[in-house]
Structures are given as structure tokens and as C-alpha cells.
1. Based on this model, can you work out whether GLY204 counts as within 23 Å of GLN155 (Cα to Cα), among the small types (Gly, Ala, Ser) and not in a strand (DSSP E or B)?
2. Restricting attention to segment 252-266, and to residues there that are part of a helix (DSSP H, G or I) and among the small types (Gly, Ala, Ser), which single residue is surrounded by the fewest Cβ atoms within 10 Å (Cβ to Cβ)?
3. Would you be able to say whether some residue in segment 216-229 is charged (D, E, K, R), at pLDDT 95 or above and surrounded by fewer than 18 Cβ atoms within 10 Å (Cβ to Cβ)?
4. Restricting to segment 159-179, what's the tally of residues that are charged (D, E, K, R) and assigned to a strand (DSSP E or B)?
5. I'd like the residue in segment 232-251 that is surrounded by fewer than 14 Cβ atoms within 10 Å (Cβ to Cβ) and at negative phi and, out of all such residues, is modelled with the lowest pLDDT.
6. Can you find a residue that is in contact with a helix residue (DSSP H, G or I) (Cβ under 7 Å, 6 or more places away or on another chain) and of a type in the set (Phe, Trp, Tyr) anywhere in segment 178-194?
7. For segment 195-250, which residues satisfy the criterion of being aromatic (Phe, Trp, Tyr) and under 57 Å from the mean Cα position of the chain (by Cα)?
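The values are calculated or read from the model by the stated rules, or taken from the named source; none is laboratory data. In this text, all values refer to a predicted model and were calculated from it rather than measured experimentally. Cβ placement follows ideal geometry from the backbone for every residue including glycine, while neighbour counts extend to all protein chains displayed.
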Amino acid sequence: PERGVRAYARTPLSGFSWLLRDLLLIGREPSSAGFRPSSMARIFCTLLALTVCLYACSPGVLFPESPPPSIPTDPPASDLTSVPIESTPTSDIIPVSTTEVLPPPKLIATLGTPHIEQGPDGAVTAPPSSTQGCMYQWAYEDLPELSGEFLVSIQGLQPEAQASAFAFGENCVREDGTTTFIPMETDFNVTLQVADLSNEAELGDWVVKVMQIIENIPPDQIAGPRPGRVSMIFQANAEQVGINFYIDQYHALPAGLSSAEIYQALQAPQ
């Protein structure tokens, strides 16, 4: 081959050997013994030889290798079902609801809330016609005209007696503060003087006389839809006894009872 045209296609070490030989041939000079390498060629060849030795002995020099095949990060679409999916822990904080759970409220009936159809004595009455927007409270209302007439009638039996009449019912208290009294019954109070509190016949006679006066009161002067209650107090000296009964309870007594039996029947708990 021509000078400088040789191809170095073998291993790196053999290629450098051929290169070294060619440089020696290129740099030779004619001499008496023939051709000999020039001094510059000898220096250059010495450096080149050292470089080749260092290159050959170096552990970090490796032949070039083909790059590793790339590994796809995502599996083919056809193999998605066969690739297991590993769950990775997450550092996200899931908010926890701090709303307090309360038990369902219980409704408590009081005198000032829902309408109560039972009086303090346990009697039940029909609800009033107007009940919207009201808070109900037990209430009493004086009946001056009826009380005056009833007192006159009782004092006609005993001048020192005391008597009064009043209406019992509920106050409808609205949100704006206005109230409306709804009467449920008309009640009567009577205080009489007697000689002997143990004489039940005398006490029974007074019950019958007072009831005759009450039964003669015109119906248009009686307030409320239900029969009222009668409270009678009998006084003797510094002692007294009392009796309370409803008008319809008196009307329900059997006929033919004596005054003492009437008093005893109304005294019995109902």
C-alpha cells in the first residue's frame, strides 16, 4: 500500500503496531549503512510507544458496546390486564369531619309551648278554635257582673257568707306580645259559717242550697264550653273544712240521697 494509506481496521493494539512501523519508515534517513531513523522520528516513536502502552494497560478503556435495549415504561395495551398494579402509599391527608353528631331532639310539652288540652285538675277540654301562632298559658279571668249577682244570692241565704265567680281557661300569647283569653269553664267559690264541722247533714244542706242558686244562673252568663267547678269552705270558730266538685259530678249523683250522703259522695275521691 501507499504511504499513509494503510487502513487500521484490526484491534486497537495491532493498529497501533502498524502505525508505529509506518512512522519509522516515513522518518528514516539515508546513512552509510543504509537508511536509519532520524532523531525526531526516534523521539516521536518513543512517546508514541509509551502512549500505546499506557492505553493498552489502562483498565478504564473498553471497547465500545452497543447501547442496552430500551425498556418500555408502560406495558402494551394488550397486556394491561396481566400487569399487577401495586398500590403506593400516599402522604395526602384526608380531612376528617369534626361535626358533632347529636341525638334527635325530643319535644317537651310545657305550659308555654304546645297547646295542652288538660286542665290542672286533670279534666280534658276541647281545643279552642283559634290555635295558630299562639303559646298557651293557664289563666283566670274575673267575671265582675256574675260575681256580684252570685254574691247577692248567697248572702240572701247567709249575710256573712262570701262568694265569687270567675272564668278559668288559657291565654293565647302571640309573638307580638298580645294575648287573648280563651275561657274553658266558669268556677264558683263560696265561704259559709256553720255551727259544727262534723255535722255532715248540715254541710250537705248547704251544698244543695248553693247548687240551686248556680243552676238558676242564665246560660249566657256562663263562660266556657264545659261545666265548672264549685269550691266550698265551711268555717266554725277557728277551724274549717273544704269540699271541691264539678257541677256535672253533682248532677251525676243518684236521686234520693240524703244531705249527709250527698256530702259524703262528693267528698269521696273520684
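1. Values: within 23 Å of GLN155 (Cα to Cα): yes; among the small types (Gly, Ala, Ser): yes; not in a strand (DSSP E or B): yes.
Yes.
2. Step one: of segment 252-266, the residues part of a helix (DSSP H, G or I) are 259-266.
Now narrow it down to the ones that are among the small types (Gly, Ala, Ser): 259-260, 265.
Working: SER259: 18, ALA260: 15, ALA265: 17.
By that ranking, first place goes to ALA260.
3. Let us first name the residues in segment 216-229 that are charged (D, E, K, R), namely 220, 226, 229.
Of the ones still in play, those that are also at pLDDT 95 or above are 229.
Within this subset, residues satisfying the condition of being surrounded by fewer than 18 Cβ atoms within 10 Å (Cβ to Cβ) are none.
Checked segment 216-229: no residue is charged (D, E, K, R), at pLDDT 95 or above and surrounded by fewer than 18 Cβ atoms within 10 Å (Cβ to Cβ).
4. In the first step, residues of segment 159-179 are kept if they are charged (D, E, K, R); the result is 160, 170, 174-176.
Restricting the remaining residues to those that are assigned to a strand (DSSP E or B) gives 170.
Residues flagged as charged (D, E, K, R) and assigned to a strand (DSSP E or B) within segment 159-179 amount to 1.
5. To start, the set of residues in segment 232-251 that are surrounded by fewer than 14 Cβ atoms within 10 Å (Cβ to Cβ) comprises 237-239, 242, 248, 251.
Now drop any that are not at negative phi, which leaves 238-239, 242, 248, 251.
Working: ALA238: 89, GLU239: 94, GLY242: 94, ASP248: 94, HIS251: 95.
In this case the residue turns out to be ALA238.
6. Of all residues in segment 178-194, those in contact with a helix residue (DSSP H, G or I) (Cβ under 7 Å, 6 or more places away or on another chain) come to 188, 190, 192, 194.
With of a type in the set (Phe, Trp, Tyr) added as a condition, the list becomes 188.
Scanning segment 178-194 turns up at least one residue that is in contact with a helix residue (DSSP H, G or I) (Cβ under 7 Å, 6 or more places away or on another chain) and of a type in the set (Phe, Trp, Tyr).
7. So the first thing to find is which residues in segment 195-250 are aromatic (Phe, Trp, Tyr), and the list is 206, 234, 245-246, 250.
Once the filter is applied, which keeps residues that are aromatic (Phe, Trp, Tyr) and under 57 Å from the mean Cα position of the chain (by Cα), segment 195-250 yields PHE245, TYR246, TYR250.
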